[in-house]
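Visitor: Quick one: the structure is below, questions incoming.
The values are calculated or read from the model by the stated rules, or taken from the named source; none is laboratory data. Since we're looking at a predicted model, the values are computed, not measured. Glycine also receives a Cβ, built like all others from the backbone with ideal geometry; neighbour counts cover every protein chain displayed.
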Amino acid sequence: MIPVLEVLDFVGLTLSLYFTLVFYHVIDAEARFVPRFCRLATGDCAAVVHHPDASVFSVPNSLLGIVYYTVVLIAINRSFASALPIVVVSWFAVAVSMFLIYSLMKRIRVLCVLCIFAHAINLAIALGVTFL
C-alpha cells in the first residue's frame, strides 16, 4: 500500500507545483514541456488559479498542497502515515477538496480535469492513510 501512496503523493505534489508555477507566472499554463493532456487551457487556467477561492490569505492553495504532500511523503517514509495527525490532516484536505470542487462547478464554472484529479488523489491518500 505504501508504494501506491508514494506514487499518489508524488503526482499530487507535481500537480501542486505546476499550479503554483502557473499562479506565480513562472511558467505558462500551456508550456511545451508539460504533457498535452496535463495542460490547462490558458483562459480556464487563469480562471481557476487566480479565482479568490484558489488562495487563502493570498497564499495559493497549490502552495499549501506542496506543503501537504511533502508532509505526507515524509510521514509515509518514516512509517507515520497511519498516525492520527496525518489521518486528520488528510481528511481535512478532502474537506477542502469538496469545497473547491463545489467552487469549480458553481462559482468559477470551469471543468478543470487536473483539479478534479488532484482532489481525487486527496481522497485516495486519506483512504490509504486511514486504512493502512
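Visitor: For residue 122, work out the one condition from (1) buried (at least 19 other Cβ atoms within 10 Å of the Cβ); (2) farther than 27 Å from residue 48 by Cα it doesn't fulfil.
Guide: Of (1) buried (at least 19 other Cβ atoms within 10 Å of the Cβ); (2) farther than 27 Å from residue 48 by Cα, only one is false for residue 122: (2).
Visitor: Among the listed residues 104, 8, 40, identify the single one that is outside any helix (DSSP H, G or I) and either buried (at least 21 other Cβ atoms within 10 Å of the Cβ) or modelled with pLDDT of 90 or more (or both). Steps first, please.
Guide: Details: 104 fails: outside any helix (DSSP H, G or I); 8 fails: outside any helix (DSSP H, G or I).
Criteria check complete, one pass: 40.
Visitor: Can you tell me which residue in region 56-74 is nearest to the chain's Cα centre (by Cα), limited to those that are at pLDDT 90 or above and in a strand (DSSP E or B)?
Guide: The qualifying residue nearest to the chain's Cα centre (by Cα) is 60.
Visitor: Determine whether residue 73 is in contact with an Asp or Glu (Cβ under 6 Å, 6 or more places away or on another chain) and more than 19 Å from residue 56 (Cβ to Cβ). Reasoning before the result, please.
Guide: Values: in contact with an Asp or Glu (Cβ under 6 Å, 6 or more places away or on another chain): yes; more than 19 Å from residue 56 (Cβ to Cβ): yes.
For residue 73, the condition - in contact with an Asp or Glu (Cβ under 6 Å, 6 or more places away or on another chain) and more than 19 Å from residue 56 (Cβ to Cβ) - is met.
Visitor: Exactly one condition in (1) in a helix (DSSP H, G or I); (2) touching a residue at least 40 places away in the same chain (Cβ under 8 Å) is not met by residue 126; state its number.
Guide: (2)
Visitor: Answer with yes or no whether residue 56 is under 18 Å from residue 8 (Cβ atoms) and aliphatic (A, V, I, L, M). Working first, answer last.
Guide: Details: under 18 Å from residue 8 (Cβ atoms): no; aliphatic (A, V, I, L, M): yes.
In short, no.
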